[in-house]
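Quick note: the coordinates plus some simple rules give every number you see, no bench work behind them. In this text, all values refer to a predicted model and were calculated from it rather than measured experimentally. As a convention, Cβ positions derive from the backbone with ideal geometry for all residues, glycine included, and neighbour counts pool all protein chains shown.
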Amino acid sequence: MRPFTYTRAATPAEAIGSAARIIAGGTNLLDLMKHQVETPDRLCDVNHVGLDRVERDGDGLRIGALVRNSDLAADDAVRTDWPLLSRAILAGASGQIRNRATTGGNLMQRTRCYYFYDIDAPCNKREPGSGCAAIGGRTRLHAILGASDQCIATYPGDMAVALSALDATVEVEGPEGRREIAATAFHRLPGTTPERDTELRPGEMILSVRLPAPLGGRQIYRKVRDRRSYAFALVSVAAAVGMKDGRMETVRLAFGSVAAKPWRAIEAEAMLAGQAPSADLFDRAADVVLAGAQGYGDNDFKIPLLRRTMRAVLAEATQETM
Ligand SMILES: Cc1cc2nc3c(=O)[nH]c(=O)nc-3n(C[C@H](O)[C@H](O)[C@H](O)COP(=O)(O)OP(=O)(O)OC[C@H]3O[C@@H](n4cnc5c(N)ncnc54)[C@H](O)[C@@H]3O)c2cc1C
Ligand code: SF4
């Protein structure tokens, strides 16, 4: 690890003014620093700035950036009215990590591409212009949607997939003031600038995440992975489906670990809404999601896996209960 200075902020303004790298739970940043993937020379600890409460916000909810993943998943309002979020968080990491990890840090966690962590490998995300060792290399965890010839990494988190399906917004503040970014637009596709994971500008800090009014319906987060726990998703599906008179009235669908951002399936949602559920319809909606999907060898299996997982989740979400 390289030397760095450490300061502790007492307020968000102090953290923003410090122009130092923010450290929250440290569960991702410290790993990256130990591997020398990231070498910040100044750290600002934000664990004492407040922003650690979940509060009602009109019909919605405001979640402070420092709320721990465990506390958010266990929050009564979240469990009752936004169960998708609770389920997605509980599918991630381990109890110990969730006790430490924060809402802001979770959104900002970096890819798990093996070559990103190997400082001897070429990686455009870590070192722009150096190449991409994953293309033609090991790709089991990599993207099938929205990749570019510069980078095929995925965003690996679970919580953000639910936030995307739930139409959350991310409130941020920086030297130029405060603004809101839709969760669906927070993470970026790589294009020609894979080093930029998100729309956060230099010096900006996440203050909170806001959830709009509850969607209701049946909410399912299904995570397919190599182990039952303590593993990142190969493919995940976040779904919220409300039924009326045997038809799907509201449909929200987002996919995780298939692209550099949670993949919200707006077109497929529109195709499903208002229709009676059927295997054939689910298949056609999967065709829409997978239009343009591309495998890179080891990860070819993700294309049929996404289709099967989507079909199974929609079948469960639309099943009539007695
Ligand atoms: C073994 C292991 C398994 C894991 N498995 C999963 C999993 O299955 N699913 C999953 O989703 N995650 C998983 N994780 C990732 C874990 O969820 C993240 O490490 C954690 O959420 C990061 O939060 P943190 O507060 O510790 O962030 P930190 O490590 O403190 O920071 C991470 C990044 O966020 C930035 N940051 C932090 N707070 C803010 C803020 N308020 N504003 C702006 N920037 C900020 C930091 O500067 C840094 O760049 C796993 C991690 C480990 C170590
Ligand atoms: S996929 Fe992206 S993160 Fe992985 S080696 Fe290529 S450029 Fe780096």
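Among Gly177, Gly92, Gly203, determine the one that fluctuates most according to a GNM of the chain built with springs between C-alpha atoms less than 10 Å apart.
Gly177
Note the direction-averaged projected area, equal to a quarter of the hull surface, for the Cα convex hull of segment 218-318, in nm².
Projected area, direction-averaged: 6.3 nm².
If contacts are Cα pairs under 8 angstrom and at least 6 residues apart, what is the relative contact order of the chain in percent?
17 percent
Report, in degrees rounded to the nearest 10, the 0 to 90 angle that the Cα long axis of helix 302-318 makes with the longest principal axis of the chain.
In the chain, helix 302-318 runs at an angle near 60 degrees to the longest axis.
As a test of the definition: which semi-axes, in Å, follow for segment 5-47 when you take the square root of five times each eigenvalue of its alpha carbon gyration tensor? Largest first, please. Mind showing how you got there, number by number?
Numbers: eigenvalues 74, 22, 9 Å².
Taking √(5λ) for each eigenvalue gives 19, 11, 7 Å, largest first.
In a Gaussian network model over the chain where Cα atoms closer than 10 Å are linked, find which of Phe232, Phe255, Phe301 has the largest mean-square fluctuation.
Phe301
Give me Asp52, Asp75, Asp280 ranked fewest to most by other Cβ atoms within 10 Å of their Cβ, as a rough exposure proxy.
On the way: Asp52 16, Asp75 19, Asp280 7.
Starting with the residue having the fewest Cβ neighbours, the order is Asp280, Asp52, Asp75.
Under 5 Å between amide hydrogens, which residues at least 5 positions from Arg264 or on another chain qualify, with H placed 1.01 Å from N in the peptide plane?
Phe255
In what sequence do Thr318, Thr184 fall when counting other Cβ within 10 Å, fewest first?
The most exposed by this proxy come first: Thr184, Thr318.
Quick one: P(r) of the chain from all Cα-Cα pairs, 10 Å bins, percents rounded to integers, in order of increasing distance.
Going out from 0 Å in 10 Å bins, the chain shows 6, 26, 34, 24, 8, 1, 0 percent.
Taking 7 Å along the Cα-to-C-beta vector as the label spot, tell me the Glu195-Leu30 distance in nanometres, rounded to one decimal.
2.8 nm
Express in nm, to one decimal, how much length is gained between Arg227 and Ala185 on full extension, taking 0.36 nm for each residue of separation and deducting their alpha carbon distance.
12.1 nm
Going by alpha carbons, how many degrees (0 to 90, nearest 10) lie between the helix axis of 279-290 and the longest principal axis of the chain?
Helix 279-290 sits roughly 30 degrees off the main axis of the chain.
Report, in listed order, any pair from Lys244/Lys302; Lys34/Lys223; Lys261/Lys302 with a Cα-Cα distance greater than 22 Å.
Lys244/Lys302; Lys34/Lys223
Residue by residue through segment 259-275, what is 3J(HN,Hα) from phi via Karplus (6.51 cos²θ - 1.76 cosθ + 1.60, θ = phi - 60°)? Round to whole Hz and write x for glycine and proline.
These are the phi-based 3J(HN,Hα) values: 7, 6, 9, x, 9, 7, 9, 4, 5, 5, 4, 5, 5, 7, 4, x, 9 Hz.
With θ taken as phi - 60° and the coefficients 6.51, -1.76 and 1.60, list the Karplus ³J(HN,Hα) couplings across segment 232-245 in order, rounded to whole Hz; mark glycine and proline as x.
Taking θ as phi minus 60°, the curve returns 6, 6, 8, 8, 10, 10, 10, 9, 10, 10, x, 9, 8, 6 Hz for segment 232-245.
At a Förster distance of 30 Å, what's the computed FRET efficiency of Ala74 paired with Arg308, Cβ-Cβ distance as r, to 0.05? Could you put the intermediate results ahead of the total?
Details: r = 31 Å, r/R0 = 1.04.
Here the calculated transfer efficiency is 0.45.
Explain nothing, just the number: relative contact order of segment 84-155, from Cα pairs under 8 Å at least 6 residues apart, as a whole percent.
Answer for segment 84-155 is 25 percent.
Taking the Cα centre of the chain as origin, work out the dipole magnitude from +1 charges on Lys and Arg Cβ and -1 charges on Asp and Glu Cβ, in debye rounded to 20. The partial results should precede the final answer.
Values: 41 positive and 39 negative charges, 142 e Å.
The dipole magnitude comes to about 680 debye.
Counting only C-alpha contacts under 8 Å and six or more residues apart, can you give the relative contact order of segment 218-318 as a whole percent?
Numbers: 172 pairs, mean separation 26.4, N = 101.
Worked out over segment 218-318, it gives 26 percent.
Name the residue, out of Met108, Met310, Met248, whose mean-square fluctuation peaks in a Gaussian network model built on the chain with Cα pairs under 10 Å.
So, out of Met108, Met310, Met248, the one fluctuating most is Met248.
Give the long-range amide H neighbours of Arg8: residues separated by 5 or more places, or on another chain, with amide H under 5 Å away, using H modelled in the peptide plane at 1.01 Å from N.
Those lying under 5 Å, H to H, from Arg8 are Asp45.
FRET efficiency for Phe4 and Gln319, Cβ-Cβ distance as r, R0 = 45 Å, nearest 0.05?
Once rounded, the FRET efficiency stands at 0.25.
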